[in-house]
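These notes concern the structure reproduced below.
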Amino acid sequence: MAETDGFGFFGVVKEIGVDDEGLAEFATKYYPGRDLYLDEDLDFYKLLGERKIPFVKMLFKPLTLYRSVKDIGRRHAEKGIQQNLKGEGLMQGGVIVFDGSGKARYSYLEVTGDELPTEDILAAISEVKETSSKSEL
């Protein structure tokens, strides 16, 4: 993608030793050619507010829970993504776009079940690239 040329992409995982086979499959099938880093201290997740899926609250709304799980399953199936419920699955992640100096310029906090706002992410990357190229002049 031209919008992402010159940008480094990497993934952050919060645990190993729970389902290493699933992690290896994720790395090769859904994240090929990209680096994955282990965040043992959960620093990335702390930056995103250490948010977890409000599962207990959802138990009091069983119909909402059912519909959400069904919708997520449908979207995963449409994209050919195999669901894996092993390990700590309640911690929510997100996306952070950093500039060349390491300063966070954009963040997206995961909303379980929602699509990533790819247009917003690409716009943030373009803005950082634009700002970086102007400062190099």
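The values are calculated or read from the model by the stated rules, or taken from the named source; none is laboratory data. Being a predicted model, the structure only gives us computed values, none of them experimental. Virtual Cβ from ideal backbone geometry, glycine too; neighbours counted across all protein chains shown. Note: accessible area is taken over every heavy atom of the protein model, side chains too, but ligands, DNA and RNA are not part of it. Shrake-Rupley method; radii C 1.70, N 1.55, O 1.52, S 1.80 Å.
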For the chain, take the longest principal axis of its alpha carbons; what is the angle in degrees between that and the long axis of helix 118-135, to the nearest 10 within 0 to 90? 20 degrees
Of the chain, which part is the longest with no chymotrypsin sites (Phe, Trp or Tyr not before Pro) in a loop (DSSP not H, G, I, E, B) and with at most 12 other C-beta atoms within 10 angstrom? 61-137
Sorted by accessible area (1.4 Å probe), largest first, how do 67, 51 line up? 67, 51
Theoretical gain in end-to-end length, residue 30 to residue 77 [0.36 nm per residue, Cα-Cα removed]: 15.5 nm
Excluding residue 20 itself, what net charge comes from residues whose Cβ is under 14 Å from its Cβ, given Lys and Arg +1 and Asp and Glu -1? -2
Filter 14/134; 29/70; 46/70 down to the pairs with a C-alpha to C-alpha distance above 31 Å, please. 14/134
Only sites in a loop by DSSP and with at most 12 other Cβ atoms within 10 Å count here; which GluC sites (Glu not before Pro) in segment 22-101 make the cut? 40, 50, 88
Which value, in Å², gives the accessible area per residue of the chain when a 1.4 Å probe is used on the protein heavy atoms? 74 Å²
Could you work out [θ]222 nm for the chain from helices alone, using -39500 (n - 2.57) per DSSP H run of at least four and dividing by all its residues? Round to the nearest 500 deg cm²/dmol. -12500 deg cm²/dmol
What's the extension gain from residue 98 to residue 9 if we count 0.36 nm per residue and subtract their Cα-Cα distance? 31.0 nm
In whole percent, how big is the carbon plus sulfur part of the accessible area of the chain, probe 1.4 Å, protein atoms only? 56 percent
With charges set only on the Cβ (+1 for Lys and Arg, -1 for Asp and Glu), what does the dipole of the chain come to about its Cα centre, in debye to the nearest 20? 680 debye
The simple spin-label model distance between residue 120 and residue 90, using points 7 Å out along Cα→Cβ, in nm, is 2.5 nm
